[in-house]
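Written below as structure tokens is the structure these notes are about.
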Amino acid sequence: LAIALWGVRSLGRSLTPGTEPLPGAPLVTTGAYAHVRHPIYTGIVLALAGYTVAWSNWILALIVLLASRAYFNGKAKAEERWLVQRYPTYAAYIRQVPRRVL
């Protein structure tokens, strides 16, 4: 959860629940976003899998990890389509910072 919260804090007022960036919001490439393009998604995937492991069910944890990773990776790809259109510098950012949903 700490990774996800760091991502939320790094986004500040640019945080949105959807995939489309807020109008007029700046592109955030600092804080957690200097290390990974989707820290909130990464943190959520790890938290879900960790919670399941805490219940001592490794098989379910693996299923939860893979399913949530697939979901958030798809969401990240959709979000990146918006970001490439909205921010001319996003293509360079993609080359420098890994997507890593996990």
Point to revise | Angle between the chain longest axis and helix 39-54 axis [Cα atoms, degrees, rounded to 10] | key: 10
Exercise for review: Please compute the net charge surrounding PRO26, taking Lys and Arg as +1 and Asp and Glu as -1 over other residues with Cβ under 11 Å from its Cβ.
Suggested key: +2
Check your understanding: Measuring with a 1.4 Å probe in the full set of protein chains, what accessible area per residue, in whole Å², belongs to the chain?
Key -> 64
Check your understanding: At a Förster distance of 41 Å, what's the computed FRET efficiency of LEU22 paired with TRP55, Cβ-Cβ distance as r, to 0.05?
Key -> 0.65
Check your understanding: For the chain, what % of the accessible area comes from carbon and sulfur atoms, probe 1.4 Å?
Key -> 65
**Study point:** Option label - Rg/Rh (Cα atoms, Kirkwood Rh) computed here, alternatives (i) 0.98; (ii) 1.01; (iii) 1.05
**Key:** (ii)
Check your understanding: Once both axes come from the Cα atoms, what is the angle between helix 2-11 and the longest principal axis of the chain, in degrees from 0 to 90, rounded to 10?
Key -> 20
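The values are calculated or read from the model by the stated rules, or taken from the named source; none is laboratory data. These numbers were taken from a predicted model, which means no experiment stands behind them. With ideal geometry, Cβ positions are generated from the backbone for all residues, glycine too; neighbour counts draw on all protein chains shown. Please note that ligands, DNA and RNA were not included when accessible areas were found on the heavy atoms of the full protein model with its side chains. Shrake-Rupley method; radii C 1.70, N 1.55, O 1.52, S 1.80 Å.
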